[in-house]
Amino acid sequence: MSIVDYHVHYYLDKCASSDMTLPNIDDCSNKLGIKEVAVLKHYSHCMPNGEDDWANWHKIKPEQFERYLDEVRSYKSRFGIIFRTGVETELLNTKGDINIPPEAQDRIDMVALSMHHMIDMPKLPLDATHYPPHCSEGDPWIMEWDKKVRDLGAEYFVESIVEANCNAIKRFPKVKTLSHLNDGLYMLRDYRVPVEEIPDDTLVELMEPLMKCMAENDVLWEIGGQKIYRYAVLNRAKELGVKFVPTGDAHFLGNGPCLNFSDHISLQKLMDEMGLPNGFIKF
Ligand SMILES: [Zn+2]
Ligand SMILES: [Zn+2]
């Protein structure tokens, strides 16, 4: 079985270690037994606050995107490893808009779609003034936020991210993976949505449309490093024919505090223990 990793970051992004260069990624892939690798560029066409930087993310610099494309396309592996181009970008709203324009999507092999921040929803327009993980208890904004979340109910948030991801998958065929999806609820937990109050059977029912959409469109479900709390979600996704792919979301080769390329191995082991089948992208 060929081993693939479709989520490896590149030194041009500030969040990635300076040694995430093509020769080093090539070497590391070879050591890990990986035969095909997608080297991703973070790509955010615009930030929620309309500026160049917001929370942990940065607006794309066009010249950096060009340099990234030139470098990855012209690289020749010393080990016969296949290199693919792609971006990690954000899901923006329930209509399924994503944070990279179609003309830029046409230039890459794949889009890894992430929920990096709350999406814009009909009952709760996106508020870029605050990012909950950067707020503290007792902060007046976070108290107001908690009340809004309670009033809408956790199920509304799950329904909204399901609708948003399905729409993005149907509209943008370059979307090939949903990044660090794990049990599907990480972004909502970061935004203090009490998803653990939703019983397993209700949660599974709410998420089934996304599972079916991923299976039908050959979009892979990424298993990343965060702890999985809701195994029922993954078990149902497997039953509905979803395929999975492990990745360390590598920002480091192997010497970082987390997000190491080498984490691929332990995540594949976790998938094997859970009986989650591997999927591959047909490029
Ligand atoms: Zn990053
Ligand atoms: Zn990433």
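Of the residues Cys135, Cys28, Cys166, the one that moves most in a GNM of the chain with alpha-carbon contacts below 10 Å is Cys135.
Helix 140-152 axis versus longest C-alpha principal axis of the chain: approximately 80°, rounded to the nearest ten.
Loop-only trypsin sites (Lys or Arg not before Pro) in region 10-76, please: DSSP not H, G, I, E or B, and at most 13 other Cβ atoms within 10 Å. Please report the intermediate quantities before stating the final value.
On the way: sites: Lys14, Lys31, Lys35, Lys41, Lys59, Arg67, Arg73, Lys76; in loops: Lys14, Lys59, Lys76.
Answer by residue number: Lys14, Lys76.
Legend: ranking of residues Trp54, Trp141, Trp221 from fewest to most surrounding C-beta atoms inside 10 Å; resulting order Trp141, Trp54, Trp221. With neighbours defined as other Cβ atoms within 10 Å of a residue's Cβ, the residues Ser136, Ser179 order from fewest to most as Ser136, Ser179.
R0 = 35 Å: FRET efficiency of Thr129 with Asn24, Cβ-based, nearest 0.05? List each step's numbers first, then the result.
Values: r = 39 Å, r/R0 = 1.12.
Computed FRET efficiency for Thr129 and Asn24: 0.35.
For region 3-274, what is the percent of antiparallel DSSP beta bridges, rounded to the nearest 5?
Expressed as a percentage, antiparallel bridges in region 3-274 total about 10.
For region 228-274, chymotrypsin sites (Phe, Trp or Tyr not before Pro) are listed when DSSP marks them as loop and at most 14 other Cβ atoms sit within 10 Å of their Cβ; the list is Tyr229.
Which shape class applies to region 3-274: rounded if a/c is under 1.5, otherwise prolate when a/b exceeds b/c and oblate if not, where a ≥ b ≥ c are the square roots of the Cα gyration tensor eigenvalues? Prolate shape, in that a/c is at least 1.5 and a/b is the bigger ratio. Residue-wise HN-Hα couplings along region 226-243, as the Karplus relation 6.51 cos²θ - 1.76 cosθ + 1.60 with θ = phi - 60° gives them from phi, are 6, 4, 9, 9, 10, 4, 4, 5, 5, 5, 5, 4, 4, 4, 8, x, 5, 10 Hz; Gly and Pro carry x. Counting only alpha carbon atoms, the long axis of helix 22-32 and the longest principal axis of the chain meet at about 80°. Once the chain from Asp106 to Lys147 is taken as fully extended at 0.36 nm per residue, the excess over their C-alpha distance is 10.6 nm. Applying 0.36 nm per residue to the separation of Glu205 and Lys14 and subtracting their alpha-carbon distance, the gain on full extension is 64.8 nm.
For the chain, the Cβ-based charge dipole about the Cα centre amounts to some 840 debye (Lys, Arg positive; Asp, Glu negative; other atoms uncharged). A helix-only calculation puts the chain at -11000 deg cm²/dmol for mean residue ellipticity at 222 nm, using -39500 (n - 2.57) for each DSSP H run of at least four residues, averaged over all residues.
Between Asp139 and Ser266, the simple label model (points 7 Å from Cα in the Cβ direction) yields a spacing of 2.9 nm. Loop exposure criterion: GluC sites (Glu not before Pro), DSSP state outside H, G, I, E and B, at most 16 other Cβ atoms within 10 Å. Applied to the chain, the longest stretch between such sites is 138-283. A DSSP coil position with no more than 11 other Cβ atoms inside 10 Å describes the following trypsin sites (Lys or Arg not before Pro) in region 237-283: Lys282.
Read-outs: derived from the displayed coordinates by stated rules, not from any lab. On a predicted model such as this, the values are computed, not experimentally measured, just so you know. Ideal geometry is used to build each Cβ from the backbone, glycine not excepted, and the neighbour counts take in all protein chains shown.
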